[in-house]
């Protein structure tokens with residue numbers, strides 16, 4: 001990419017033009033997305049929040065497709081947080097059913113594309129029907145070698161780190177590990193994302209500027225891209241705009257260029 005291009009310029013370009021700008025050799029290995037704005041999208045249209053969540057599921061389908069086409073290694077999406085249990089029960093029930101519907105509907109196509117479904121979070125606290133469909137999707141796609149679709153469900157970053165520390169402490173307690181041996185890699189290996197690269201790029205939609213207890217350890221040196229676009233309106237072109245911006249940044253990881 002010879003000349004820098006700003007966001008205002010990218011939104012004037014269509015998908016094909018953006019694809020011409022992007023350097024396929026400098027794509028992020030791992031993209032994480034906080035899919036925010038479903039409720040606001042629906043309320044702006046005088047519709048129930050559930051309609052916004054349904055529209056958001058359609059947006060996810062398109063983003064999975066473009067990540068697959070670009071050969072992105074991992075896409076992690078924040079589907080349901082440990083704090084989302086505070087929402088009205090009716091909305092929670094709808095979200096649980098939507099997870100089931102999405103996976104049952106899409107798993108065949110995902111497998112055709114070689115997408116491997118993975119999940120992170122405390123799944124045992126989800127309804128059994130949701131646990132079952134997740135387990136089925138993971139099993140059906142476990143031998144696929146393409147994009148890893150990482151679903152963060154009943155996920156919380158602080159809880160993830162707490163569980164990792166507890167597991168390490170137990171290993172030290174029984175003598176399997178010395179306290180002096182605990183290092184950054186030890187903690188990384190005990191996280192839900194063990195074996196996956198840390199996100200290179202975090203995208204958050206709907207104009208919020210926070211990470212909301214998402215991948216707190218893993219985002220240490222991630223590039224962050226915020227947009228006012230509500231998640232149900234987020235399209236392939238928006239992801240490509242984020243990638244154009246990402247490729248213009250200098251990633252120094254605390255050092256100097």
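Where a number appears in this text, it was derived from the coordinates with a stated rule and is not lab data. Values in this document were obtained by computation on a predicted structure and should not be read as measured data. FYI the Cβ positions are ideal-geometry reconstructions off the backbone, even for glycines, and counts take in every protein chain you see.
Some values worked out for this structure:
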read-out: Gaussian network model of the chain, springs between alpha carbon atoms under 10 Å - residue of 108, 46, 207 with greatest fluctuation; value: 46
read-out: Residue among 188, 205, 76 with the largest mean-square fluctuation in a Gaussian network model of the chain, springs linking Cα atoms under 10 Å; value: 188
read-out: Most to least packed among 249-255, 227-233 [average Cβ atoms within 10 Å]; value: 227-233, 249-255
read-out: Inter-label distance for residue 188 and residue 113, nm, one decimal - labels placed 7 Å from Cα along Cα-to-Cβ; value: 2.8 nm
read-out: Packing-based exposure ordering (other Cβ within 10 Å, fewest first) of 176, 111, 67; value: 176, 111, 67
read-out: Relative contact order of the range 82-181, pairs being alpha-carbon contacts under 8 Å that are 6 or more residues apart, as %; value: 30 percent
read-out: Spatial separation of Cα centroids for the range 18-50 and the range 85-103, in angstrom; value: 20 Å
read-out: Simple spin-label estimate for residue 216 and residue 136 in nanometres, 7 Å along Cα-Cβ; value: 3.5 nm
read-out: Residue 12 paired with residue 29, simple spin-label distance in nm, labels 7 Å along Cα-to-beta-carbon; value: 3.7 nm
read-out: For the chain: relative contact order, % (alpha-carbon pairs under 8 angstrom, 6 or more apart); value: 30 percent
read-out: Pairwise centroid distance, computed over Cα atoms, of the range 176-192 with the range 209-257, Å; value: 28 Å
read-out: Segment residue 159-residue 250, length gained on full extension (0.36 nm per residue, minus Cα span); value: 29.6 nm
read-out: GNM flexibility winner over the chain from 30, 190, 53 (Cα, springs under 10 Å); value: 190
read-out: Percentage relative contact order, the range 156-196, counting C-alpha pairs under 8 Å, at least six apart; value: 46 percent
